Structures are given as C-alpha cells and as structure tokens.
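Some notes on the structure that comes next.
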Amino acid sequence: MEKSEVVSWIKTIVFAVILAVGIRVFLFTPVNVEGASMMPTFEDEEKVIVNIIGPTLLDYKRFDVIVFKAPNDENFIKRIIGLPGDRIEYRDDELFINGEKFDEPYLTSNREALVDSGNLTGNFTLQDALGEEVVPEGHYFVLGDNRRKSWDSRDIRVGFVAQEKILGTVPVVVWPLPNARIIKE
C-alpha cells in the first residue's frame, strides 16, 4: 500500500467519525426507555431515537412525545399535554385544555386494560397539582401515557418542564428490531 493510499484511508475514517459524532451530538441521539410510565406507547428497555434539531427550529406541539432532563438528571420520556398559557384540568377521565375537551386516542388500550372501575387519570387541575392557574411561559405540562404509573408534571418534584431541559422529540423506536416503529400522536 502506498503512503498516499494510507493517508486517503485515514482521512476517510476521520471524516466518517466526525460525521457520526456530529449526527449524534447535533441531530439525533439514542435514549433507553426505563420503566412503565409510557406503556403501551413505549415498553421498558426499548431504545428510541431523539430528534434534537427539529424542535429547536420549530415549536413543540401538544401531544409531542419528548425526552427531557428530570430534576434527578435522568432522561424522562413523556407526552406534552399543556403548552405555555394553557389551563389544564382532568374531570371524569377526560382532558380539558382551556375549557375545551380533548380526545387522547393513545390512551384507549390503557383504559380498556383497567381491571377496576376507576379512572385511568384522576381528577386534578393545575392549581391542585402545582399551585398555578396556567402553564408558565417557557414551560410545558407533561404526562406519561400509563397515567397510574407515571411520575410526571402532576408531581411537584417534576412539575412544569422548562423548554431548555427538553432534549427533543421521539420520532422512532429502533430497538429491539421487532418493536421498531414510527411514533405517531
């Protein structure tokens, strides 16, 4: 092998490593799902890809699934329910945002799986849960899809999620391969 060929290979390898690191750091990053708080949308131990760049160019939307840094510095995966300025209330297992009822089709299988006659999501208002009337500017109110087993914004230790704590949205599950899929609302 000639010296120029070796140099060419080294340049190619260095470029590939820089490209891979750049994609991982600036565009997408893998995150492991831990726990049951987002079941059945995500199962424990699944690996998801977090889109880091998209949401920084666009606004987060209601019902986006996001990853954020929780107060204990763990990565949490939850669903955005409340946007800045929203009034959130749950009554009789129904979501009301600013007085308007919203359907949550992603909860259907969890509701059907209930073995008791209780609600999947207990009654609450933002005032009850966090002492605020509306979601503050620059913050979001998030819930897990498995409402009975989710540590989320209803708990003062998590509370409202500051936008700067959000790593990005979750568009796909990549592992294990049989579970690979695109995430929809």
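Numbers below:
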| item | result |
| --- | --- |
| Every pair of residues 6+ apart whose Cβ atoms lie under 6 Å, when the first sits in region 121-150 and is under 22 Å from K165 (Cα atoms) and at pLDDT 90 or above while the second is among the small types (G, A, S) and surrounded by fewer than 17 Cβ atoms within 10 Å (Cβ to Cβ) | V134/G85; H139/A162 |
| Of all residues making up region 64-90, the number that are touching a residue at least 24 places away in the same chain (Cβ under 8 Å) and surrounded by fewer than 14 Cβ atoms within 10 Å (Cβ to Cβ) | 3 |
| Unmet criterion (only one of (1) in a loop (DSSP other than H, G, I, E, B); (2) modelled with pLDDT under 80; (3) within 21 Å of M39 (Cβ to Cβ); (4) not acidic (D, E)) for R111 | (1) |
| Scan of region 64-99 for residues that are within 16 Å of L167 (Cα to Cα) and under 11 Å from the mean Cα position of the chain (by Cα), ordered by number | D64, V65, I66, V67, F68, K69, N75, F76, I77, K78, R79, I80 |
| Residues satisfying the stated conditions in region 111-127, i.e. acidic (D, E) and closer than 24 Å to I97 by Cα | E112 |
| Lone unmet requirement of (1) part of a loop (DSSP other than H, G, I, E, B); (2) at pLDDT 85 or above; (3) more than 23 Å from D59 (Cβ to Cβ) for G85 | (3) |
| Hits in region 138-155 (condition: under 23 Å from G118 (Cβ atoms) and not in a helix (DSSP H, G or I)) | F141, V142, L143, G144, D145, N146, S150, W151, D152, S153, R154, D155 |
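The values are calculated or read from the model by the stated rules, or taken from the named source; none is laboratory data. Since the structure is predicted, the reported quantities are computational estimates derived from the model, not experimental observations. Here Cβ is always computed from backbone atoms with ideal geometry, including for glycine, and neighbour counts include all displayed protein chains.
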